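Values in this text are rule-based calculations from the coordinates and carry no lab data. On a predicted model such as this, the values are computed, not experimentally measured, just so you know. Positions of Cβ are backbone-derived with ideal geometry, glycine not excepted, and every protein chain shown enters the neighbour counts.
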Amino acid sequence: MRTSYCGVLGSEHIDQEVTLCGWVDRRRDHGGVIFVDMRDREGIVQVVFDPDCGEHFAQADRVRSEYVLKVRGKVRARTPETVNPEMATGQIEVYGLELEILNSSDTPPFPLDEHNRVGEDVRLRYRYLDLRRPEMLNNMRFRSRVTNVIRNFLDERGFLDIETPILTRATPEGARDYLVPSRTHDGKFFALPQSPQLFKQLLMVSGIDRYYQIAKCFRDEDLRADRQPEFTQVDVELSFTTEEEIMAINEEMVHTLFKQVLDVDLGQFPRMTHSEAMLRYGSDKPDLRIPLELVEIKDLMAAVEFKVFSGPANDPKGRVTALRVPGGSEISRKQIDDYTKYVSIYGARGLAYIKVNDKDDLEEGLQSPIVKFLPNEVRAAILERTGAENGDLIFFGADNRRVVSEALGALRCKLGADLNLYTCDWAPLWVVDFPMFEEDGEGGWTSLHHPFTRPACTPDELKSNPEGALSIAYDMVLNGTELGGGSIRIHNPDMQRAVFEVLGISDEEADEKFGFLIDALRFGCPPHGGLAFGLDRLIMLMTGSQSIRDVIAFPKTQTAACLLTDAPGNVDTKQLRELNIRLREKKPQEEG
């Protein structure tokens, strides 16, 4: 039907006759000549109709925004005064010879070039219109190119693209499962996979050796800008390998991806242990573009009378930390109040600070409500340890380790953005040597990654000291975002049962939930490991988008709803009866 896309026409096509298909972006009537900006996925071109076109001129007079057209015309150069340097096709236009209206359109609910003036809910309800916008079309094209580069890279290195099941069974991987009732197995449920983790391990047992998949995964969890209930990950697994080999392959893949798609050289991927990352940046995914670092001052605060500091300083699970902001004395009291409110999101009960006006005057040169509680020798030690200079601002965090790390780690990133402290465009990083477990808040343990990660110790050492056990795990971080996480997996049934024991999973529960995996480990399972990338998050970073919803064709909202299809929706009684499901009405909450 068409001979060319609108957006690819240029000076090399002058005097050629073309047939175009697309939508009306704009229509203008200038003194008896009608101009139609015609748009398709590749861009926009101006089409000109004059009265010599006869009936086709009358057709052009009828068209409105978003009408679907087929146009036959001749490419010609624009006159010098009408050249539009803002358009990729601005050097030429198409003189219309024939026009066919393939379909009309109602007035769109929002002008596509004014999408920012409408709420995101409107854009998502009419997503098929939102996707017509050049920005969104470019994101979809970009996404396709990224997946193509990834597939080619892995194909060339002997990885097999293998699909794993969508209907599986519930497994504890850190989030709630989406459950699917079974009609043929009364009272039982499938679960949608949170990841292909167990199946890719079984593929290694099967001798597949090198596997990858661009896989759909599902997690019923609270959403953020970089989270969705259904998301896509690039899943990679290989056998007879080491963490060094896995990291090298995936680092090369990301290097290749950025070079081919963005012409960006990411440079060296430094490595940092999890403990160092938490100590210096308060985060296991630090943004190394920001030069600010946390400084431990717990020892300096142990003897002060100010209990806000001395309490955590004398608590084995407490942390007292300083964050120096060079030139930060210009930050206003209102801004400090805003930052105090911000860190409260992470559980911080306040945000102490000192403005360094004159570091040599410990009595009058430090401006802060807390200075009076600090002896001069403590003030001097803080200035020395943080390297503070005149004009700097020092923020403080004092609470349990988790609260201080999360609050000041987040504050560090916010200050970096607000004050534009970035020292480079891209800062990749490997974070390694993660703890195997973390406390679950109820006196037990939970896996920091997942329970199939191999510990860097023996089963007996693991059970005797779970708090000190490290895992053979690694996360790839870019600009403060976790791109992917992976590990060497457990390939020995004794080690797997030891991990389950620490997690409080009995042999009976392990056999009931994971018996198929434990059995597989008994039949010659090779050493293996892998890594999974969050594809949506990666593309969000590469395109500079603010949300992964801008790089997914049909995303869900923050409440995990699809406004386009009005899902989730009601199911009729007959279908529920077939599944032996009865809905129970919620009782209204009691007042008072």
- Item | Using a Förster distance of 30 Å, the FRET efficiency for Asn465-Asp519 (Cβ separation, nearest 0.05) | 0.55
- Task: Can you tell me the relative contact order of the stretch 290-423? Whole percent, Cα pairs under 8 Å, sequence separation 6 or more.
- Result: 36
- Query: Which whole-number percentage describes the relative contact order of the chain, with Cα contacts under 8 Å and a sequence gap of 6 or more?
  - Reply: 13
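Take each of the peptides 464-476, 557-569, average the number of other beta-carbon atoms within 10 Å over its residues, and list them starting from the highest. Write down the numbers at each step before the final one.
Working: 464-476: 18.8, 557-569: 13.5.
So the order, starting with the most tightly packed, is 464-476, 557-569.
Want the number for Asp50 to Leu97: 0.36 nm per residue separation, take away the alpha-carbon distance, what's left?
16.0 nm
Once a ≥ b ≥ c are taken as the square roots of the eigenvalues of the Cα gyration tensor of the stretch 191-256, is the result rounded (a/c under 1.5), prolate (a/b larger than b/c) or oblate (a/b not larger than b/c)?
Numbers: a/c = 2.85, a/b = 1.43, b/c = 1.99.
Note, shape of the stretch 191-256 comes out oblate.
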- Item | chymotrypsin sites (Phe, Trp or Tyr not before Pro) within the stretch 331-381, DSSP loop, no more than 10 other Cβ atoms inside 10 Å | none
- What is the distance, in nm, between label points placed 7 Å from the Cα along the Cα-to-Cβ direction at Asn84 and at Ala553? 2.9
- Item | Mean-position separation - Cα centroids, the stretch 28-83 and the stretch 119-144, in angstrom | 25
- Note on the structure: Contour minus Cα-Cα span, Ile214 to Ile14, at 0.36 nm per residue, comes to 67.7 nm
- Query: If you work out Cα extents along the principal axes in Å from the coordinates, which of [x] 68, 60, 44; [y] 70, 67, 51; [z] 92, 72, 61 do you get?
  - Reply: [z]
- Message: Can you compute the radius of gyration and Dmax for the stretch 290-423, using only the Cα atoms, both in Å?
- Response: 13.7, 39
- Enumerate the calculated ³J(HN,Hα) couplings along the stretch 229-244 in order (Karplus 6.51 cos²θ - 1.76 cosθ + 1.60, θ = phi - 60°), each rounded to whole Hz, writing x wherever the residue is Gly or Pro. x, 10, 9, 10, 10, 8, 9, 10, 8, 8, 9, 6, 9, 10, 4, 5
- Query: Roughly how many whole Å is it from the C-alpha centroid of the stretch 148-194 to that of the stretch 368-389?
  - Reply: 55
- Task: Wrap a convex hull around the Cα atoms of the stretch 482-532, take a quarter of its surface area, and give that in square nanometres.
- Result: 4.2
- Task: Report Rg (one decimal) and Dmax (nearest whole number) for the stretch 6-103, counting Cα atoms only, units Å.
- Result: 12.0, 34
- Any idea how far apart Ser105 and Asp361 come out in nm if each label point goes 7 Å out from Cα toward Cβ? 6.7
- Message: Suppose each label sits 7 Å from its Cα in the direction of the beta carbon; what would the Leu179-Arg582 distance come out to in nanometres?
- Response: 1.6
- The set of residues whose placed amide H lies less than 5 Å from the amide H of Leu294, leaving out same-chain residues fewer than 5 positions away, is Tyr281
